[in-house]
1. Restricting attention to chain A, give the cysteines that have no other cysteine Cβ less than 4.7 angstrom from their Cβ.
2. With label points built 7 Å along Cα→Cβ from the Cα atoms of residue B:118 and residue A:72, find their separation and express it in nm.
3. When the dipole is taken about the Cα centre of region A:11-59, and only Lys, Arg (+1) and Asp, Glu (-1) are charged at their Cβ, what size is it in debye, to the nearest 20?
4. So what is the calculated 222 nm ellipticity per residue for chain A, using -39500 (n - 2.57) for each DSSP H run with n of 4 or more, over all residues, to the nearest 500 deg cm²/dmol?
5. If the viscosity is 0.692 mPa s and the temperature 37 °C, what translational diffusion coefficient in µm²/s does Stokes-Einstein give for chain B when Rh comes from Kirkwood over Cα pairs?
6. So which residue, out of A:27, A:83, A:109, gets the largest mean-square fluctuation from a GNM of chain A using Cα contacts under 10 Å as springs?
7. Given Cβ point charges of +1 (Lys, Arg) and -1 (Asp, Glu) and nothing else, what value in debye, to the nearest 20, does the dipole of region A:60-136 about its Cα centre take?
8. Any idea what the relative contact order of region B:259-359 is, in percent, if you count C-alpha pairs under 8 Å spaced at least 6 apart?
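A short reminder: the numbers here are calculations on the coordinates, not readings from a lab. Remember, it's a predicted structure, so these values are computed and weren't measured experimentally. Methodologically, a virtual Cβ is constructed for each residue, glycine included, from the backbone with ideal geometry; neighbour enumeration extends over all protein chains shown.
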Amino acid sequence: MTYSKPVPDVAHPDMAPFWSAAREGRLTAQRCTACKSYRFPTLEICPACLEQGAEWVEVSQEGTIWSFATYHRAFHPGFKADLPYVVAIVENADGVRYTGRILGSREGLAVGARVRATFVECTETFTLPAWELVAD
Amino acid sequence: MDSDIRGKVAIVGIGHTAQGELPGQSPELNSVLAIKEAMRDAGIDRSALDGLITCKSVQGTNIDWQVGPLLGINPRYAQTLDYGTCNFSMHLAVQAIVTGMADTVALCYGANARTMKFPFGASAPTLAGVSGLMHVGGPAALALQRYKSLYGMTDEEFGWIAVGAREWARRNPVALFRDPMSMDDYLAMEYLIEPLRRPDLTMISDGGVSLILTSAERAADFPNKPIYILGMSEASQIRGEFTPDYLDREFLGLASQQIWNSTGMSQSDIDLLYVQDPTAFWVLQMIEHFGFAPRGEGGKWLAQGHTLPGGSLPLNTNGGQLSECYMWGWMHIVEAVRQLRGAAGPERQVQDAEIAMYLSTQTWFKGGASIIATHKG
């Protein structure tokens, strides 16, 4: 089956390291080589210390839900089959925030609920990092 | 340094096109048609304008040098703002007038995004976008869900924003959404982006809108009762999503403090409240950030009926963006001026209203507040 949802430009140099790590099941963020602050998505300079040096590093795949929204309408036809689907802002254990899908069971879906990263192979070149609820 | 702008500038003209679908009309044409109406209202012709401040359309057009050829003038002062909502344009006009850079300034906004079918639901090729976060309703739903979780507001309490907007719109012939909508009707509607329903989100529409501002001295010569600007404030959160908890829009607290401190006024001085409302949740946040209701109690406060027809603080008496039209909030100021002139018509005129406040934001990037009145303060 072909993948009908929007896809990112996984080859774009700014974000390519993130997408290629996702294919290997690793969650990453950019980290300032000077002050060690994390940032995501990518920025050309560290907003904490204004130094330019940065590297992509692996970060925690455990997190909690800051908030979530449940789409009952597909604004893109590719999401129609998934309705209703959940998008959440997740803060991981390193304090990095990601906006992504909540997949699997919705039992216990709530602000503050614990989640763990999961990786969905969407196409040959694109793997989507998403989240699943962790039973307490 | 004298930074008090109180009563130094007045709104002397308001104008707008029909709202809804205006096929074949560019944002620039809609702007110029609105300026024509505003000039007619102000009793002036183009020779009286020495300033023009345009506001970019959603597509990034409607720049001053794109409006200029249609308007047919080369005013001394011309600027374009990327930020809409009228507050920012009005503040810039006040600054231009009090510094002598212009005497009489036309502000305008024009949109054709409805008939051009602008893809508001499109997603950016980011992690958030490819995960399905689309439409401004997405972030607003995230913010609302968190608020509900922290403070326990019910759907019914929240629903008074959309139901109230419709109550007012039913009294406004310009409004696009005038069918009755009771609380039961609202609660019976399915979620669009849960916890938001369709009436909690604005519908895009075409149109143009314009205001004309001049100095208080000149304003006395205009045919309509001048509406004076008593206070203004702004605050930004231009770091956007890189600001922790950016959807809570805490930066609005700075704009709130500044306008109350600089005017010496308080919430109880406000007769009419206008809040730009692309989403109903932004209204709730504004009501709390500007101190009209305590934090976490905005829903309960709304359910007490203050903002409905006959209430003590009428809110968005035009129906707002939720029920009147899109226009990025600009029509709120047009309505505020109409009300303060006493010219809003028998169905929705609020008696003895002297002071109105307008609050608006560019999503989570920037916020503005203005207080306008029938007197110089």
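1. A:122
2. That separation, rounded to one decimal, is 2.7 nm.
3. Working: 5 positive and 6 negative charges, 29 e Å.
The calculation lands at about 140 debye.
4. Working: 1 runs with 8 residues, N = 136.
Helices in chain A give a 222 nm mean residue ellipticity of -1500 deg cm²/dmol.
5. Here the translational diffusion coefficient equals 159 µm²/s.
6. Looking only at A:27, A:83, A:109, the biggest GNM fluctuation is shown by A:83.
7. That gives a dipole near 320 debye.
8. Details: 125 pairs, mean separation 36.7, N = 101.
Relative contact order of region B:259-359: 36 percent.
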